[in-house]
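First up is the structure itself, then whatever we jot down about it.
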Amino acid sequence: MKYKSSQSSAQSGRISVVAAIAVVCVLASLGVVMFSGENKGPETTANGFMSALAETDAKKLASFTYLDGQDEAAVQAKWEDNLKRTKYFQFRWAFDGIETSSQETVIARINLKVAGDNDPTLHRIPLLKVKDAWKVDVAAINRSFYPALPR
């Protein structure tokens, strides 16, 4: 016995394909908006900085770092040099929130547990708004946070 498809099921199949394509387009556009890098808040910058530090990614660290009077290439070179000296420094971290100082400065609270320590230590990491982007003010971070910060 040979089955035939009805006109309505063929149209239903076309509608399903069109609906699926529309859903994919909507999801893709949402992804572009969410990950486009626009409207990054201080939380995103602090988390990105800490992730890059944990991954020892000098290029990403440079993109999140503010060092007065230094361009991103110079900052990246400093991070590359400093990360070589701390390749065995291990830590775990947790983002603990933001303290707002002003519209241009905030403090990110980071709990940092260094390998060998029993308890995490709360560190306050300063962020500045530089040209409409949040950057970590590395020069203002205490060396107890990380042993080789670029200056």
For the stretch 55-82 the number of residues that are closer than 14 Å to residue 151 by Cα and touching a Gly at 6+ places or on another chain (Cβ under 8 Å) is 0
Sole miss for residue 145 among (1) in contact with a helix residue (DSSP H, G or I) (Cβ under 8 Å, 6 or more places away or on another chain); (2) surrounded by 15 or more Cβ atoms within 10 Å (Cβ to Cβ) is condition (1)
In the set 112, 83, 61, the lone residue that is in contact with a His (Cβ under 7 Å, 6 or more places away or on another chain) and modelled with pLDDT of 95 or more is 112
Scanning the stretch 48-59 for residues that are part of a helix (DSSP H, G or I) and farther than 16 Å from residue 141 by Cβ, the one least open to solvent (accessible area, probe 1.4 Å) turns out to be 58
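The values are calculated or read from the model by the stated rules, or taken from the named source; none is laboratory data. Because the structure is predicted, anything quoted here is derived from the model rather than measured. Methodologically, a virtual Cβ is constructed for each residue, glycine included, from the backbone with ideal geometry; neighbour enumeration extends over all protein chains shown. Ligands, DNA and RNA are excluded from the accessible area calculation, which covers all protein heavy atoms including side chains. Shrake-Rupley method; radii C 1.70, N 1.55, O 1.52, S 1.80 Å.
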